[in-house]
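What follows is one structure encoded as structure tokens, with my remarks underneath.
The values are calculated or read from the model by the stated rules, or taken from the named source; none is laboratory data. A quick note: this is a predicted structure, and the numbers were derived from the prediction, not measured. Because the Cβ atoms are built from the backbone with ideal geometry, glycine has one as well, and the counts that use them run over all protein chains shown. Remember, those area values only see protein heavy atoms, side chains included, never the ligands or the DNA or RNA. Shrake-Rupley method; radii C 1.70, N 1.55, O 1.52, S 1.80 Å.
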Amino acid sequence: MNYPVWYMPTIGGGILIALISIFHVCISHFAVGGGFYLVFAERKGYRESNPAILVFTRTHARFFLLMTAILGGISGVGIWFIIGIVNPAATSLLIHTFVFGWATEWVFFLVEIVAIFVYYYSFDRLEPRTHQAVGWIYAAAAWCSLFIINGIIDFMLTPGSWTVSHDFWAGFFNETFWPALAFRTCMALMFAGVYAFLTTAFLKDTELKRTMSRFSGLWVLGALLAALPCGWWYLAELPPLAHRLAAGLSPTIVRAASYGTVATVILTILTLLLVLTRPAFHTKPAALLVFAASFVLMGSFEWSREASRRPYVIDGVMYSTGIMAADQPLIDREGFLPTARWTRFKEVHEESLPEAGAELFKFQCYACHTIGGFNNDIIARTKTMSYPVLQNYLATVHQLRPFMPPVAGSADERRALAAYIIGGLQGKPLIMPAAAGTQGQKTFRTHCTICHPESLVKSRTAGWTRQKIRWALDNLNTLQPAMPNFTGSPAQKDLIAGYIYSLNHPAETAAPAHDPGEDVFETHCSMCHTLRGGGNPLLPKVTGWDRQRIRAALDMLDKLKGGVMPPLNAPAADKEALADFLFHAAQGGNQ
């Protein structure tokens, strides 16, 4: 980490980037599609010899000029400002990789600015053909800006062979370049029609309003229709992990996609019904509703695109924490605090454990999490966790949630981070697991309460059989795409299934007053083994075994341990009872 962090934990850098970016993207796409719209609207006015359409076009050009040159320019600078201070490492890498690309884009942007001013202020002063040629110059320059920006943005999602060659063109014409360019061009044309709705909503000439509303509606519907195959093409080119995230592994994308779907339906229905078939209903509120729906649609796309890059800010190259993926092994060996340039603490000491953890949170968690804020509040996300559970979670977070980057650093640094979150933010005691409790309960609390409190699991599994719970533990990702599959052993799954089942069936799963398997143990095993303790305890030998494995072992004792044990000469029913007794005892029962 070579850069300091601009730390505003209650707001978060990610939400600031998202808000400014979505605002700018909606204007910048209008700046691209709107240029074509102006030229075609003017052409329509001349072809139909309709002065009213030409007046409308000039009025809309003024609105277009104000929106794109002022708000677009300000928000464009705002994006540079916010990404530079929230993620300076990624910004630096992009600048150093595409410096000539940025310079070329700024040339096109300058052409845009000059052309749109000439276009607006030369209305009725230039010959129609010459004036439309100026409009075409603007539209072409704006689309070329999109062409260049699109290559750089999609490089972050699919850097492709650039990761090996570091070649400019390999990074620019990456795997998602063409589908993203096609999709964004469609979105730009859609925004041209959407923004035109705003202008037409203020028209007092009923016939002109009807004509231009239908003209604008065709831009929206045509662009939405064309965007469907482009969006499908875009999804097909995503890297495997991004594809899985988009398919449901990421709750963020699932939520954003649902908003985008609703917005698309609203946008389509309003445009189709209120504008094309019922143009008289085109009012200012209807135009604003269409505009809001398009804003939500574009926002959900950009939010999903950003989320599908996780855990990277540049896929496979740099994590969202700003840490280069190639540097992770070194940081894990030497520790994060000693290798980071701007941290106040360079070592972890017991007396300053939470303070060191606060530094680690700032540098490794703040990129995506807030403290008590709107976006990914770390307090809410960890409210069900205890100190040991969070330590375990931090060590395995990348495996459990592939869209989260691994916590870089040593085990002591993860312990400090857990101490800060649990002790400093949650106000909970920093205690290790209690000795009491069954093995099933301990296993559940270690692996499951990271996301699910016992009360929630109890309510969700009410009425389930033990077999159904056990099956579910093998198929978590099938039941809920956002859930990672549990990678524990079959024995751990048996323990968890037993414990979850016991939450709703305490009487059924309670240890019996007298276990017949205990008699079998006393008769056949106790001469060589104790259950616990002593010189040759049996339970440690079967800890982690499932019930089937214990039962199978009872039929082949003479083949275990090199044949030193005698076979168990007992009826099958006794072996079944003994297997039940040992399995139950291994889970913590019969203590």
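For the chain, what is the mean residue ellipticity at 222 nm derived from helices alone (per DSSP H run of n ≥ 4: -39500 (n - 2.57); sum divided by total residues; nearest 500 deg cm²/dmol)?
Here the helix-only value at 222 nm equals -20500 deg cm²/dmol.
Work through the residues other than Leu181 whose Cβ is under 15 Å from its Cβ and net out their charges, Lys, Arg +1 and Asp, Glu -1.
Neighbourhood net charge equals -2.
From Cα coordinates alone, what are the radius of gyration and Dmax values for the stretch 5-139 in angstrom?
Here Rg and the maximum Cα pair distance are 18.5, 60 Å.
Within the set of other residues whose C-beta is less than 13 Å from the C-beta of Met318, count the net charge using Lys and Arg as +1 and Asp and Glu as -1.
Net charge in that neighbourhood comes out at 0.
Placing +1 on the Cβ of each Lys and Arg and -1 on the Cβ of each Asp and Glu in the chain, which of Gly423, Val265, Val99 has its Cα farthest towards the positive end of the resulting dipole?
The listed residue farthest towards the positive side: Val265.
Compare the Cα positions of Val407, Gln441, Asn375 along the charge dipole of the stretch 354-492 (+1 at Cβ of Lys, Arg; -1 at Cβ of Asp, Glu; about the Cα centre) and return the one farthest towards the positive end.
Gln441
Tell me which trypsin sites (Lys or Arg not before Pro) from the stretch 121-191 have a DSSP coil assignment and no more than 13 other beta carbons within 10 Å of their own.
Filter output for the stretch 121-191: Arg125.
Taking the chain as the reference, fit the longest principal axis to its C-alpha atoms, fit the long axis of helix 572-586 to the helix C-alpha atoms, and give the angle between the two in degrees, 0 to 90, nearest 10.
Helix 572-586 sits at roughly 60 degrees to that axis.
Can you match Kirkwood radius over Cα pairs in Å to one of these, [x] 26.3; [y] 28.3; [z] 25.6, based on a calculation from the structure here?
So the structure-derived entry is [y].
Per q in 0.16, 0.20 Å⁻¹, report the Debye log10 I(q)/I(0) for the stretch 300-427, using one uniform scatterer on each alpha carbon and no solvent.
-0.78, -1.23
Between Thr163 and Arg341, what FRET efficiency comes out of the Förster formula 1/(1 + (r/R0)^6) with R0 = 30 Å and r the beta carbon distance, rounded to 0.05?
E between Arg341 and Thr163, to the nearest 0.05, is 0.75.
What ranking do 374-386, 31-43 get when scored by the average of other Cβ atoms within 10 Å per residue, highest first?
Put in order of decreasing packing, that is 31-43, 374-386.
Could you give the Stokes-Einstein D for the stretch 73-221 in µm² per second, using the C-alpha Kirkwood radius, 37 °C, 0.692 mPa s?
Once the numbers are plugged in, D ends up at 183 µm²/s.
Could you pull the Rg and Dmax for the stretch 168-273, using just the Cα atoms, both in Å?
Every Cα atom of the stretch 168-273 included, Rg and Dmax give 17.2, 54 Å.
For the stretch 387-509, report the accessible area per residue in Å² (1.4 Å probe, heavy atoms, rounded to an integer).
48 Å²
Round to the nearest 10 and give me the degree value, 0 to 90, for the angle of helix 251-269's Cα axis relative to the longest principal axis of the chain.
40 degrees
May I ask which of Lys493/Lys541; Lys442/Lys541; Lys428/Lys468; Lys362/Lys428; Lys362/Lys458 have a Cα-Cα span longer than 27 Å here?
Lys428/Lys468; Lys362/Lys458
Measure off, as a whole percent, the carbon and sulfur share of the 1.4 Å-probe accessible area of the chain, all protein chains present.
On the chain, the fraction of accessible area on carbon and sulfur atoms equals 65 percent.
Give me the number: length gained by fully extending Asp327 to Leu110, i.e. 0.36 nm times residue separation minus the C-alpha to C-alpha distance, one decimal in nm.
Using 0.36 nm per residue and subtracting the Cα-Cα distance, I get 74.2 nm.
Per residue, how many Å² of accessible area does the stretch 189-314 show with a 1.4 Å probe?
Ligands and nucleic acids excluded, the result is 45 Å² per residue.
Counting only C-alpha contacts under 8 Å and six or more residues apart, can you give the relative contact order of the stretch 368-434 as a whole percent?
31 percent
Could you work out how far the C-alpha centroid of the stretch 127-156 sits from that of the stretch 274-294, in angstrom?
28 Å
Counting Lys +1, Arg +1, Asp -1, Glu -1, what net charge surrounds Asn569 among other residues with beta carbon under 12 Å of its beta carbon?
-2
Return one whole number: the accessible area per residue of the stretch 67-147 in Å², for a 1.4 Å probe.
Value returned for the stretch 67-147: 51 Å² of accessible area per residue.
Any idea how far the Cα center of the stretch 176-204 sits from the one of the stretch 2-78, in Å?
10 Å
Given points 7 Å out from each Cα along the Cα-Cβ axis, report the Thr277 to Leu479 separation in nanometres with one decimal.
The modelled label-to-label distance comes out at 4.4 nm.
Evaluate the relative contact order of the chain (contact order divided by residue number), counting alpha-carbon pairs under 8 angstrom at least 6 apart; express in whole percent.
Value for the chain: 13 percent.
By how many degrees, between 0 and 90 and to the nearest 10, does the Cα long axis of helix 88-121 differ from the longest principal axis of the chain?
Taking the Cα atoms of the chain, the angle to 88-121 is about 30 degrees.
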